[in-house]
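Contents: one structure, followed by commentary.
The values are calculated or read from the model by the stated rules, or taken from the named source; none is laboratory data. On a predicted model such as this, the values are computed, not experimentally measured, just so you know. Cβ coordinates were reconstructed from backbone atoms using ideal geometry, including for glycine residues, and neighbour counts include every protein chain displayed.
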Amino acid sequence: MIFGYTEEQFAQFFLTYGVGAFIVFMLFIIGHLAWQSKAGKFGTFVLFLGLAVGFTGFLAKLVLQWYLEK
């Protein structure tokens with residue numbers, strides 16, 4: 001038990017909300033990187049496209065888990 005929660009509950013919370021918060025944080029990091037490197041419109045698009053592919057995979061995992069548990 002960690003803070004009154006089971007290990008499974010603790011892991012589920014951080015895998016859902018922790019990874020989501022990390023993705024939002026990466027938005028700021030990539031935006032700052034694109035601004036500092038003067039990547040331009042296309043370069044910035046490519047940087048955010050790479051993040052969007054990972055983000056889509058994370059959302060697909062959540063949708064599949066919800067569908068399989070339903």
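For the range 37-49, a residue qualifies if it is surrounded by fewer than 14 Cβ atoms within 10 Å (Cβ to Cβ) and part of a helix (DSSP H, G or I), and the qualifying residues are GLY40, LYS41, PHE42, GLY43, PHE45, VAL46, LEU49.
Just to be sure before I move on: is ILE23 touching a helix residue (DSSP H, G or I) at 6+ places or on another chain (Cβ under 9 Å), β-branched (Val, Ile, Thr) and loosely packed, with under 13 Cβ neighbours inside 10 Å in the structure I sent? The answer is no for ILE23. Residues of the range 26-46 that are within 21 Å of PHE58 (Cβ to Cβ) and either in contact with a strand residue (DSSP E or B) (Cβ under 9 Å, 6 or more places away or on another chain) or among the aromatic types (Phe, Trp, Tyr) (or both): PHE28, PHE45. If only one of LEU27, LEU33 is within 20 Å of GLY54 (Cβ to Cβ), under 17 Å from the mean Cα position of the chain (by Cα) and not hydroxyl-bearing (Ser, Thr, Tyr), which one is it? The match here is LEU27.
Considering (1) of a type outside the set (S, T, N, Q); (2) modelled with pLDDT of 90 or more; (3) over 13 Å from the mean Cα position of the chain (by Cα); (4) surrounded by 13 or more Cβ atoms within 10 Å (Cβ to Cβ), say which one PHE10 fails and leave the rest. Tallying (1) of a type outside the set (S, T, N, Q); (2) modelled with pLDDT of 90 or more; (3) over 13 Å from the mean Cα position of the chain (by Cα); (4) surrounded by 13 or more Cβ atoms within 10 Å (Cβ to Cβ), PHE10 fails exactly one: (2). Give me the pairs: first residue in the range 1-25 and closer than 19 Å to GLY57 by Cβ, second residue surrounded by 12 or more Cβ atoms within 10 Å (Cβ to Cβ) and aromatic (Phe, Trp, Tyr), beta-carbon distance under 7 Å, and six or more apart or on different chains, which are they? Listed pairs, sorted by first residue: VAL19/PHE58; ILE23/PHE55; ILE23/PHE58.
Exactly one residue out of ALA60, ALA52, ALA34 is on the phi < 0 side of the Ramachandran plot, among the aliphatic types (A, V, I, L, M), modelled with pLDDT under 90 and part of a helix (DSSP H, G or I), and it is ALA52.
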